[in-house]
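Colleague: My questions all concern the structure below.
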């Protein structure tokens, strides 16, 4: 029960996780570039994360020709799926009658009469800019000012971004920002544009981009008893012990592996890290375990829900190897057990009368088919056009048990080969 609660909590966290600007590691997605002439060219952007696009963008037009554009070579580019707009810094500074100080692409957060930008410096640190009409200001977090007191010179840090925004917004400045908070500043731009009755667009909305795939697989599950040499007393005649003991392995014999098909859906959620994604599957499977002695036959139909963290080794490639680790919770939606008692003859010497003693076998209240397993997996993501993909995967799971008894301790291992098709997301 505790394991189930942990799993449900983990699954809930996955779907309530707020994903900002994050993208699944896909090499291409639809978009367009605006040339310096003002012409718009539609095609595909090589787009892994907006953090990679401040310095250049790789673009493939409808003719299939690939181009690499640097700031100044185009006016802007736009991703349709992620709704991210980037503008060349030279174009922004030109509108403000300033020399280009950045030579980079600026990502638009809020666009309107008051526009809020972000770019990165050479140290990969975010730098924010505010523009109102033709005025452009870099929002500095802190600045130093010198004070002279009784002949001594002292430096004091103070915030400048609030002062800059107040000067830009004038009578429409309705916030008192004491700490540099990007979300608060974005709200100030929304307030300003509303105050001026100006149209604006928020390019920085927080949107969860989940992907839904369809999975089909072939699975092999193996049941092992942890101690086949364990000795068990007869439950009707305990006084016969130790004469009346037997080994568990003698009762069951072997339990060979059983093969079955699995099918269901795979849900993928991106994270802030382009190498990592969170995935979960909802699979229907049928598992059966039967001993060679025919004394033990257990089966169950499961809803299996693996949850795992996936690491893509080469996120910039069309073929992306991956490894992952996580947990699986297998919930039985149907089960059956046929477990028969075994009779043994006991006695030694000519003076002891021989008689039969029923031996215990697994009974219904010890059969617990619900499982909590640990998993490791690997495979290859093959990305197709328009952000769809095919995944070839192998998963190994262990640690499950179908019994709750100090006598019959079991371990379930599962090996699964799967194929998943994930179409272009529409969420």
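Colleague: Would you mind finding the one in 215, 163 that is closer than 30 Å to residue 410 by Cα and at pLDDT 75 or above?
Modeller: Numbers: 163 fails: closer than 30 Å to residue 410 by Cα.
After ruling out the rest, the residue left standing is 215.
Colleague: Continuing with this model, one more query. For the stretch 271-283, enumerate the residues that are in contact (Cβ under 8 Å) with a residue 40 or more places away in the chain and either in contact with a helix residue (DSSP H, G or I) (Cβ under 6 Å, 6 or more places away or on another chain) or outside any loop (DSSP other than H, G, I, E, B) (or both).
Modeller: Listed by number, the residues that qualify are 277, 278, 279, 280, 281, 283.
Colleague: Which residues, taken from the stretch 102-117, are part of a strand (DSSP E or B) and closer than 19 Å to residue 69 by Cα?
Modeller: 105, 106, 107, 108 - these are the residues of the stretch 102-117 that are part of a strand (DSSP E or B) and closer than 19 Å to residue 69 by Cα.
Colleague: Given the condition more than 30 Å from the chain's Cα centre (by Cα), in a loop (DSSP other than H, G, I, E, B) and at pLDDT 90 or above, answer yes or no: does some residue in the stretch 62-71 qualify?
Modeller: Yes, some residue in the stretch 62-71 is more than 30 Å from the chain's Cα centre (by Cα), in a loop (DSSP other than H, G, I, E, B) and at pLDDT 90 or above.
The values are calculated or read from the model by the stated rules, or taken from the named source; none is laboratory data. The structure presented is a predicted model; accordingly, all values stated were derived computationally and were not measured. No Cβ is skipped: glycine too gets one built from the backbone with ideal geometry, and neighbour counts run over all protein chains shown.
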